[in-house]
Amino acid sequence: MDNPSRSERSRKAALTAALTIIARDGPGRLTLDAIARESGLSKGGLMHQFPNKEAVLKALLEQQFAHFDEFAGKFRAEAGRADQPELATQIAISRELIAQQYSVAQAMLGALAQEPGLLADARAKDAERVAEIRDEADDADLAVLRWAAARGLALMTMLRVSPLEQPELDRLFARLLDDRQWTGFEQDVAARR
């Protein structure tokens, strides 16, 4: 096996081990020693990939961004033409957050809580998306409210504090995605200016 292939395999093993540790033991137990033990890598081999815990967490976050970017591309291709494509995509991504394994989502939330500086990238990406949502909407405030509602449903479910069962969540996400459900709430943009 060539070095790039071995390096990529080691990197994947380390990230899988990190998620396992966070999900099983909590983010406070994530150390390079624990990752090395869980993955079967030597600590030196692990440190070649990730010099510290923050680098591991950053890589996990980037892995999540890549997953959701890929999901967004597939969703847009399958959904066809929507009146508000960015809003529809972001609502679908919130629904996908729930569909992921709870352990992965909870692990990421816990780990990011320990390293809040890593959330700066997520906030910046969300700010860009909200700007796109506002730009494509006739009623920007309503569009942002729909986005925030979807994100709130996802976060409550990921934190396991939601009183809603899956069928009700499915119904609510379908309603958030259906532009026709919201036309009566849209305000006359010209009247507000």
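The values are calculated or read from the model by the stated rules, or taken from the named source; none is laboratory data. Everything numeric here is computed off the predicted structure, so don't read it as measured data. Neighbour counts are summed over all protein chains in view; Cβ atoms, including those assigned to glycine, are modelled from backbone coordinates with ideal geometry.
Can we say Arg37 is among the basic types (Lys, Arg) and either modelled with pLDDT of 90 or more or under 24 Å from the mean Cα position of the chain (by Cα) (or both)?
Spelling it out, Arg37 is indeed among the basic types (Lys, Arg) and either modelled with pLDDT of 90 or more or under 24 Å from the mean Cα position of the chain (by Cα) (or both).
A quick yes/no check of all residues on (1) farther than 19 Å from Phe65 by Cα; (2) surrounded by fewer than 13 Cβ atoms within 10 Å (Cβ to Cβ); (3) polar (S, T, N, Q):
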position	(1), (2), (3)
Arg129	no, no, no
Asp135	yes, yes, no
Leu142	yes, no, no
Leu145	yes, no, no
Glu165	yes, yes, no
Gln187	yes, yes, yes
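Please go through (1) of a type in the set (D, E, K, R); (2) free of Cβ contacts under 8 Å to residues at least 40 places away in the same chain; (3) not in a helix (DSSP H, G or I) for Glu78 and return the number of the only condition it doesn't satisfy.
Among (1) of a type in the set (D, E, K, R); (2) free of Cβ contacts under 8 Å to residues at least 40 places away in the same chain; (3) not in a helix (DSSP H, G or I), the lone unmet condition for Glu78 is (3).
Quickly run through region 76-99 and pick out the residues that are within 18 Å of Ala140 (Cα to Cα) and not hydroxyl-bearing (Ser, Thr, Tyr).
Ala82, Asp83, Gln84, Pro85, Glu86, Leu87, Ala88, Gln90, Ile91, listed by residue number.
Which one of the conditions (1) at pLDDT below 90; (2) closer than 29 Å to Pro116 by Cβ; (3) hydrophobic (A, V, I, L, M, F, W, C); (4) not assigned by TED's automatic domain parsing to the domain that holds Ala122 does Phe65 fail to meet, given that it meets all the rest?
So the condition that Phe65 fails would be (4).
Within region 49-58, identify whether any single residue is outside any helix (DSSP H, G or I), at pLDDT below 90 and within 30 Å of Arg134 (Cα to Cα), and answer yes or no.
no
Check whether at least one residue in region 96-118 is within 12 Å of the chain's Cα centre (by Cα) and at pLDDT 85 or above, and report yes or no.
Within region 96-118, one or more residues are within 12 Å of the chain's Cα centre (by Cα) and at pLDDT 85 or above.
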